[in-house]
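The values are calculated or read from the model by the stated rules, or taken from the named source; none is laboratory data. Because the structure is a prediction, the values reported are computed rather than measured. Counting neighbours? That spans all protein chains shown, and the Cβs are built from the backbone with ideal geometry, glycine included.
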Amino acid sequence: MDLAVDNPARCTLYRPRRHEGTPLQRAVQGHLETYLAFAHEGKGDGVPQYVEGEFRGHLECGVLAHGFARAWCGE
């Protein structure tokens, strides 16, 4: 990603991603717990822990209460 250090005005611009209304986010939010319960009831041991972690991380993405980072140009 090019931050264009030669243009300080671009360094102060922040546009947060908005994934709250996307079909993927709505599907994960609406069906994750049901999916995980169904996977545990099946023949296997459910989904791998890293898969569940990725889904849960997706739900936290963009929510400032779960943390954020800020960077700026010093010049």
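See the values below:
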quantity: Out of GLY62, GLY46, GLY57, sole residue that is within 30 Å of CYS73 (Cβ to Cβ), modelled with pLDDT of 70 or more and not in a helix (DSSP H, G or I); calculated: GLY62
quantity: Residue that is modelled with the highest pLDDT, among those in segment 6-32 that are over 19 Å from the mean Cα position of the chain (by Cα), assigned to a loop (DSSP other than H, G, I, E, B) and not charged (D, E, K, R); calculated: LEU13
quantity: TYR35 being part of a helix (DSSP H, G or I), of a type in the set (Phe, Trp, Tyr) and either in contact with a strand residue (DSSP E or B) (Cβ under 7 Å, 6 or more places away or on another chain) or surrounded by fewer than 11 Cβ atoms within 10 Å (Cβ to Cβ) (or both); calculated: no
quantity: Subset of segment 49-71 [loosely packed, with under 10 Cβ neighbours inside 10 Å, on the phi < 0 side of the Ramachandran plot and of a type outside the set (Lys, Arg)]; calculated: GLN49, TYR50, LEU64, ALA65, PHE68, ALA69, ALA71
